[in-house]
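One structure is given below, encoded as structure tokens.
None of the figures in this text is laboratory data; all of them are computed from the coordinates on show. Given the structure is predicted, the values throughout are model-derived calculations rather than measurements. As a convention, Cβ positions derive from the backbone with ideal geometry for all residues, glycine included, and neighbour counts pool all protein chains shown.
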Ligand code: ADP
């Protein structure tokens, strides 16, 4: 039975319009030129929905609606506490409709239900976290300075634009727009063309929650049309992008031309440093869970496994065993631990990397490759891979974005830190040891936005997440600082007689 036949009634109802429309100014609307595109269920390679395809004219409409909403009494004139109430109401509705959001996300991305559940739960969490922060923030601060009465106020910028990727569509929508909305901005989202659906369902909930028209707009479409038009739009006051470094640079250039501040969350090549005082089986299992989470399509995941030499002979068989045991299947099936790649293109990209890595001299400790899953012959499935070899191998240096890890033995702490930092990225790494002094030393020495100890992919609310070097710029997401990024400072000064 195709997954399409197992839809919850609410998901079936949401997918009924053909095409599923975009959401501008509080209304469901077709594309200006009537264009549409298809989004697939990667677990079956089958059509999930046709969606209105936004282009520059639709981006113009969305930005105009967001500008109007920003200037309106209904949003711009709203007291902070009332804005916070709207965010909490939206969080309530996300929770109340979580089954539908989870199923839709699982179908569009291909991820297992528990992983989609984590993502949706996180959206409600972030909406509430930023709503509460907004209520407890001072928006006017006196400044002590001689001979003047001076203060600084904090005000929202205006229209904040978001260009988002396909690996965590709803989670990243939640992480990104929650601080912007809590601060009083209005938003235009361009979701990824592979996974536009959950952001659109979120709009339906926002409408029900009572968000005024134009506060949240979603324009699905392709990067080089809708995305490029949004990044270059002179009506936006802030831009946040999550995706590849190549596109991040294009977006930063467009925004730079208009002097629009930009936040970039780009790729990563996360390392996990495993010392020989750890149980190899336990760490191998955790790292397997990390690199197969979302089928390895996670920018901060552990992809370089640096293992202390004494542990190597026990770690490698434990790791290959754990990776072989991962249950691969359709996201909606209860037993599935790892779903398909999001698209055939991404599957080919990963297979191509594995091939290039081997040609470049890597040894496959576990051969990864395409696989057919029973009852889902047309899905984009792949098995996990574990390579080893020189640290300068293409698979040890570049982001593969699939369930593939590269293991390297090391001698001492200094060598491990040097290996970690021999990388153009700087997003997130982890260190695994029972010695907390050493753990904290190594955590501080690894150059990246996040260092995790005895865990990987850890996202408690309020803790900043954002990379350095090729992994991003502009302050990241997830913390109080992100909220203040969406408020500009204005000083008010009067000479005292
Ligand atoms: P991936 O290669 O993994 O799909 P991208 O960085 O290309 O990652 O895509 C992330 C987001 O950026 C998507 O929403 C995509 O549509 C958008 N995008 C791609 N190219 C451009 C572009 N030239 N300008 C603006 N947005 C783009």
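Of note:
- Once the Cα atoms are used to define both axes, helix 113-135 deviates from the longest principal axis of the chain by about 40 degrees.
- For the range 249-351, a/c is not less than 1.5, where a ≥ b ≥ c are the root eigenvalues of the C-alpha gyration tensor, and a/b does not top b/c. That puts it in the oblate class.
- Against the main long axis of the alpha-carbon atoms of the chain, helix 436-445 sits at an angle near 60°.
- Legend: ranking of residues 5, 276 from fewest to most surrounding C-beta atoms inside 10 Å; resulting order 5, 276.
- Tensor-based shape of the chain (alpha-carbon gyration tensor, a/c under 1.5 rounded, otherwise prolate or oblate): oblate
- Prolate/oblate/rounded label for the range 302-401 (Cα gyration tensor, a/c 1.5): oblate
- With Cα atoms, 0 to 90° folded angle of helix 169-182 axis to the chain main axis: 30 degrees
- Packing rank of 407-418, 386-397, where each peptide gets the mean count of other beta carbons within 10 Å, highest leading: 386-397, 407-418
- Computed FRET value (nearest 0.05) for residue 147 with residue 488, which takes r as the C-beta separation and R₀ as 30 Å: 0.70
- Multiplying the residue separation of residue 418 and residue 334 by 0.36 nm and removing their Cα-Cα distance gives an extension gain of 26.1 nm.
- Order of 68, 309, 286 - criterion: other Cβ atoms within 10 Å of each residue's Cβ, fewest first: 309, 68, 286
- Theoretical ellipticity at 222 nm over the chain - DSSP helices of four or more residues, -39500 (n - 2.57) apiece, nearest 500: -12000 deg cm²/dmol
- Packing, as the average of other Cβ atoms within 10 Å across residues, places the peptides 87-97, 50-60 in the order 50-60, 87-97, highest first.
- Rounded to the nearest 5, the antiparallel percentage of DSSP beta bridges internal to the chain is 45%.
- Sorted by Cβ density within 10 Å, fewest first, the residues 14, 315: 14, 315
- Sorting 138-146, 434-442 by their mean Cβ neighbour count within 10 Å, with the most densely packed peptide first, gives 434-442, 138-146.
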